[in-house]
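The values are calculated or read from the model by the stated rules, or taken from the named source; none is laboratory data. Everything numeric here is computed off the predicted structure, so don't read it as measured data. Counting neighbours? That spans all protein chains shown, and the Cβs are built from the backbone with ideal geometry, glycine included. In case anyone asks, the SASA skips ligands and DNA or RNA and just uses the protein heavy atoms, side chains included. Shrake-Rupley method; radii C 1.70, N 1.55, O 1.52, S 1.80 Å.
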Amino acid sequence: MRELLFQITLLGYLAASCSYLMHIASGRNRPAQIGSRLLRGSFVLLSLALVASLLPMATTPASRPYLPLSFLAWSVTGIFLWFEGRHRLTVLGAFLAPLSLLLLVFSGALLRRGDGLQPLFESSWFPLHVGLVVLGYAFFALAFIAGVMYLLQERMLKNKHLSALFFRLPSLDSLDLVNHRCLAWGFPLMTLGIITGAAWTHAAWGRYWRWNPKETWALISWLVYAVLLHGRLAIGWRGRRAALLAILGFLCLILAVLGVNLLASELSDTALRAAVKR
Amino acid sequence: MHIFVIGLNHKTAPVAVRERVAFSLERRQEALSRLLEAPEILEGLLLSTCNRVELYACSHDSTSTTARLRKFFEEFHQLKAPMPDEHLYELWDQQAVRHLFRVASSLDSMVLGEPQILGQLKDAFAAAERCRSVGPVLTRLLHKSFSVAKRVRSETGIACQTLSISYAAVELARKIFGSLENRRVLLIGAGEMSELAARHLLDQRTEGLLVANRTLERALRLAARFGGRAVPYKDFPDYLPQADIVLTSTTADDYILHRSQVEKAIRLRRNRPMFFIDIAVPRNIEPAVNQVDNAYLYDIDDLQKVIDANLRERRKAAARAEDIIDQEIDSFLRWLGNLELTPTIRDLRRHCEAIRRRELDKTFARQPGLGSEERLALEACTEAMIRKILHRPLTLIKERRHDGSNEPYLDALRTLFGLDDRPEDEDFR
């Protein structure tokens, strides 16, 4: 049942992605309307799927490996739907729906791999940490997409080369506003996420900070966002510079999440096995 | 039933010809009633705008109608010589329907995608309705053309892009600022062009207008008209930081606004973007201003480029619009075909049913001994006979309606069974 719900959600996201891409390609408004409705529907389904996957489990939700990714897709979609109506950001959906779809496919693959629960994750800090961090990621992901779109459009405006895409992008001002909003929400969430993460690390290993690559990259991206926030609030940075920093910060985050996390664990695994064999 | 259009437009005839055959507002009603005096013309519609003069008509007669329409054209305007062929186009049936749909969707307009033509067509239709010159066919056709135009506009976005310099400036400003509410405009130079652009910008409910001009008097006058404020010309750099949009149109020979001034203004504005529109030739603003972060400079050529890009988008949209029109033509012609078919079938059935009823009544009168069961059996038997006899001809004309080759059969049916002969009908009853 849970599986089926999840599959239907995937299909919904796929259909929404196609509609939004059709909107971009053709410039017609109808596919965007359909895409928006499909995305709303898929969001509801995903919410149900998430609740359903929480119910039968006695243990903490975030310790299931696939949940954080699904939760990330859920947060990204939720934030987008929240912003969409206010800032006329329809085109963002063309970037966002496929991203969420990718996250869900990933989480589905991880689910099938069936990683078991490890006792390490049974601290009560862990779900709190994951929840906060994932919500922060979702805001930063949106800031990243808005940043890319800002740079695209800014370049077109400066070069006076207006392609078909130009006419469908939201205004620079609203993209900058998304950057600001996402930073204002994402930064506190990520800060709290890092603090709870340290608390969890302490509970699990007895140390607050271990300087592993993941933690280091998370710290670097936190610093990038801190600089950006300070620049925005104190110096009045905005526009291109803010967009660039939002992109840089998110690239660091991706390194922290995907690259380092998966790669490092695989590497240490194989290295361990090789050592045992010898 | 056939649909005809005869007319001329900006592509086929110069304005000197068009103005001679235009129908003035007062004479349109007269023209329509005179048009309908011709026996073969059943419905008529007159569209007369500055770019086109067209007569739409529908008639059963496919051969003489165009000649009649052409003659009407010449007689009504008392033209001494017949209209040259290259000015006038005559289209019928599918071509005529396509033409109307293209006109309504503004694909045939001088400015591709301009929205006025639909309103003019609606007015023409309303006028024709008032003098009852349109019947079921043209009414249906016109309503269809309105919905086609609506579909074209919403599905292709053909009218979304703007084609005038001042609209292009407004569009770019909206790309930078989103809404233009609460944005302040600074006009440097108070010429006619800047007045026009200012009007378009102020339509977007901008916050306030500052006007700087060499002659303060003119600045004061323009500011008063738009509810703005005049500032001394030599002081305009001091007002830069307040302005979101700066529009220059002075006749100065050299740049009056330099990069360093803009850099300073942006710094004072804490990087809030500025949009510079320079419609002066020679240019008023140093081109390097465009390299300043958060400053965007467009001169008159750049704006023209935006318009060209818009035009390209419109052409693409127009190609998609033609597909939509193709679909809609099919659906309209199918309706028109059925319009002929349905009454014929109905009349034929009625005719046969009348014969059957009459003969049955006679039989029942002669044979009073028939029981109710036998009567029912006779009813069913005769009904089945008629159904079986009519089955093949009706199937055939229904099949042939798609390629339009059923018309001779429809005609033959009506003649052979005398479906159009009213008096004989009366005889039956």
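Dipole check for the protein assembly as shown: with +1 at the C-beta of Lys and Arg, -1 at the C-beta of Asp and Glu, and the Cα centre as origin, the magnitude is about 2400 Debye. Amide H contacts for residue B:43 (H built 1.01 Å from N in the peptide plane; partners 5 or more residues away or on another chain; cut-off under 5 Å): B:58. The lysines whose alpha-carbon is closer than 16 Å to the alpha-carbon of residue A:160, local same-chain residues fewer than 8 away aside, are B:175, B:305.
Let me know the mean shielding of B:167-180 by other chains, meaning the per-residue number of their Cβ atoms within 10 Å of its Cβ.
Mean inter-chain Cβ contacts per residue within 10 Å come to 3.
Over chain B, DSSP H runs of length four or greater, each weighted -39,500 (n - 2.57), average out per residue to a 222 nm ellipticity of -18500 deg cm²/dmol. Could you tell me the center-to-center distance, by alpha carbons, between the stretch B:282-316 and the stretch B:382-401 in angstrom? The stretch B:282-316 and the stretch B:382-401 have Cα centres spaced 69 Å from each other. Each residue of the stretch B:113-130 was assigned a 3J(HN,Hα) from its phi angle through the Karplus curve 6.51 cos²θ - 1.76 cosθ + 1.60 (θ = phi - 60°); the sequence is x, 5, x, 5, 4, 5, x, 5, 5, 5, 4, 4, 5, 4, 5, 5, 5, 4 Hz, with glycine and proline shown as x. Computed with every protein chain present, the accessible area of residue B:167 is close to 110 Å² [probe 1.4 Å]. Taking the average, over residues, of other Cβ atoms within 10 Å as the packing measure, peptides B:64-70, B:9-15, B:184-190 rank B:184-190, B:64-70, B:9-15 from highest down. Here chain B has an Rg and Dmax of 33.4, 117 Å, counting Cα atoms alone.
Within the stretch B:250-306, none of the trypsin sites (Lys or Arg not before Pro) combine a DSSP coil assignment with at most 10 other C-beta atoms in a 10 angstrom radius. The equivalent ellipsoid that matches the C-alpha gyration tensor of the stretch B:170-288 spans semi-axes of 19, 18, 13 angstrom, in descending order. In this structure, the pairs whose alpha-carbon distance is over 30 Å, taken from B:11/B:80; B:71/B:150; A:158/A:214; B:150/B:398, are B:71/B:150; A:158/A:214; B:150/B:398. Rounded to the nearest 20 debye, the dipole magnitude of the stretch B:2-160 is 360 debye, with +1 charges on Lys and Arg beta carbons, -1 on Asp and Glu beta carbons, and the Cα centre as origin. Sorted largest first by accessible area at a 1.4 angstrom probe radius, with every protein chain in place, the residues A:126, B:276 fall in the order A:126, B:276. Relative to the longest principal axis of the Cα atoms of chain B, the long axis of helix B:192-203 makes an angle of roughly 70 degrees.
Across chain B, C-alpha contacts under 8 Å between residues 6 or more apart give a mean separation that, scaled by the residue count, equals a relative contact order of 12 percent.
Counting only protein heavy atoms and using a 1.4 Å probe, the accessible area of residue A:40 comes to about 110 Å².
How many Å² of accessible surface get buried when A and B come together, counting both sides, probe radius 1.4 Å, rounded to the nearest 100?
In total, this chain pair buries about 2400 Å².
Axis angle, to the nearest 10 degrees, between helix B:65-76 and the longest C-alpha principal axis of chain B: 50 degrees. In chain B, the longest principal axis of the Cα atoms and the axis of helix B:165-177 are about 80 degrees apart. Backbone amide hydrogens, once placed in the peptide plane, bring residue A:160 within less than 5 Å of nothing, excluding anything fewer than 5 places away on its chain. Between the residues B:285, B:382, B:124, the greatest Cα displacement towards the positive end of the dipole of the protein assembly as shown, with unit charges on the Cβ of Lys, Arg, Asp and Glu, is found for B:285. Comparing B:336, B:396, B:45 in a Gaussian network model of chain B, where Cα atoms under 10 Å apart are tied by springs, the biggest mean-square fluctuation is seen for B:396.
Would you work out if the stretch A:93-244 is rounded, prolate or oblate? Take a ≥ b ≥ c from the square roots of the eigenvalues of the alpha-carbon gyration tensor; rounded if a/c is under 1.5, else prolate when a/b is larger than b/c, oblate otherwise. Walk me through the numbers before you get to the answer.
Working: a/c = 3.16, a/b = 1.67, b/c = 1.90.
Oblate shape, in that a/c is at least 1.5 and b/c is the bigger or equal ratio.
The stretch B:202-263 and the stretch B:21-87 have Cα centres lying 54 Å from one another. Here's the picture: charge each Lys and Arg Cβ at +1 and each Asp and Glu Cβ at -1 in the stretch B:61-154, and of B:97, B:79, B:145 the one pushed furthest to the positive end of that dipole is B:145.
The magnitude of the dipole of the stretch B:281-401, with charges of +1 and -1 set on the Cβ of Lys/Arg and Asp/Glu and taken from the Cα centre, is near 1280 debye. From the Kirkwood radius over Cα pairs of the stretch B:2-160, Stokes-Einstein at 4 °C and 1.567 mPa s returns a whole-number translational diffusion coefficient of 82 µm²/s. Along the axis of the charge dipole computed for chain B (Cβ charges of +1 for Lys and Arg, -1 for Asp and Glu, origin at the Cα centre), the listed residues B:371, B:10, B:154 are led at the positive end by B:154.
Which is the longest run of chain B containing none of the GluC sites (Glu not before Pro) found in DSSP loop states (not H, G, I, E, B) with at most 15 other C-beta atoms within 10 Å? Kindly include the intermediate steps, with their values, before the conclusion.
Working: sites that count: B:40, B:86, B:181, B:207.
Value returned for the longest uninterrupted segment is B:208-429.
Look at the alpha carbon pairs under 8 Å that are at least 6 residues apart: their mean separation over the length of the stretch B:2-160 gives a relative contact order of 30 percent.
If you sort the three axes of the alpha carbon gyration tensor as a ≥ b ≥ c, you get a/c of 1.5 or more for the protein assembly as shown and a/b no higher than b/c, which makes it oblate.
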